[in-house]
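Below is one structure, written out as structure tokens; the observations come after it.
What follows is calculated from the coordinates using simple rules that are stated; it is not laboratory data. The structure displayed is predicted, hence computed values, not measured ones. Reconstructed Cβ throughout: ideal geometry from the backbone, glycine too, with neighbour counts over all protein chains shown.
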Amino acid sequence: MDITRRDLFKMASAAALTAAVGNFSAQPVEAAHGKKILKLNAAPVVGSKNVTGTNYTGTAAKVFFTDKIDADHLIKLYNKINGEIFGKVAIKLHTGEPNGPNILPRDMVKAFQAQVPNSNIIETNTLYVAKRYTTEDHLATIRTNGWNFCDVDIMDADEGYVNFPVRGGFHLNEVAMGGHLVNYDSVIVLTHFKGHAMGGFGGSLKNIAIGCASGHVGKAQVHGYDTAKGMPPKDVNWFDGTFPLKEELMERMADSGKATCDYFGKRIVFLNVMRRMSVDCDCAGTRAAEPTCADVGILASTDILAIDQACCDLVWTATDTKDLRERIESRHGLRQLSAMAEHKMGNPQYELISVD
């Protein structure tokens, strides 16, 4: 299912708006019960219906938003969605290749993690051979990038993994996740929203679908790589036909993400930071292209589809995101959204609610 930019706008309909986003002008108007809401003169696409081609009625997911990117606002957003988070808490973060210029600010994440009791960062090793391929190298990279202010659990250390079932998967019946994932009661998916070389964009889905899968087994499953051929060489061309691309990859990602979401149920929440949005993922490290669009803000939700949908809608609404939109379209990345909708992982119709 190839969704174009025209499709994205064609089937969009407005859910209840309570936020002014980015540089859009807005004026307060009277609402029910005497409350003030913001009426946007140029509204972003909200509650897009494009992802399935089916008209939705009824409820809309809540996506909280701020255009201020700092620790205080990150914590403020988290406090809107953390009602079901308890016990030992994993913070799923993309810690990036060494000295990556676009990874989330360490001080912001450090301040956030300090406010979440009994929490630590979780990661898994990589499928490609680089500085996070082995646990030893991965831990060295974590120190280089400044993530050693708390414990960082490499969940597939020593090749450990646990199989999570995929109910009704497009391609997968199970996915090998980092073995330590079952040691956690709850997960906070803290995502740097940006482009991605294969997925088109990396949002909350990519962060858990690839990021929680074990490096040398689960990630091979998600990418559709035949492990009988051995691991990919260091200089692998990711677009030479070795790996499935476009719709199949997005569907495999949805399968993997569904497995983790099903396992944790209500005990998983999502924060997307739309900052330094290169067309490349943080796995590109210092090779990542310089961002060509402005920062947008932070979004938070208990609904994985709604938050990734909202981020894509904001990308398509902005006037300076041509490069990022082309990256997403060229990889058929919007199939991530429709695949999640078909898996009933969330609601593509949402309210965008300002916390400012």
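For segment 161-193, a residue qualifies if it is touching a residue at least 40 places away in the same chain (Cβ under 8 Å), among the small types (Gly, Ala, Ser) and surrounded by 16 or more Cβ atoms within 10 Å (Cβ to Cβ), and the qualifying residues are GLY169, ALA176, GLY178, SER186.
For segment 297-325, the set of residues classified as farther than 22 Å from ALA60 by Cα and buried (at least 19 other Cβ atoms within 10 Å of the Cβ) consists of ALA318, THR321, LEU324, ARG325, listed by residue number.
Among the residues of segment 126-143, is any part of a loop (DSSP other than H, G, I, E, B), over 26 Å from ILE85 (Cβ atoms), in contact with a Gly (Cβ under 7 Å, 6 or more places away or on another chain) and of a type in the set (A, V, I, L, M)? Yes, segment 126-143 contains a residue that is part of a loop (DSSP other than H, G, I, E, B), over 26 Å from ILE85 (Cβ atoms), in contact with a Gly (Cβ under 7 Å, 6 or more places away or on another chain) and of a type in the set (A, V, I, L, M).
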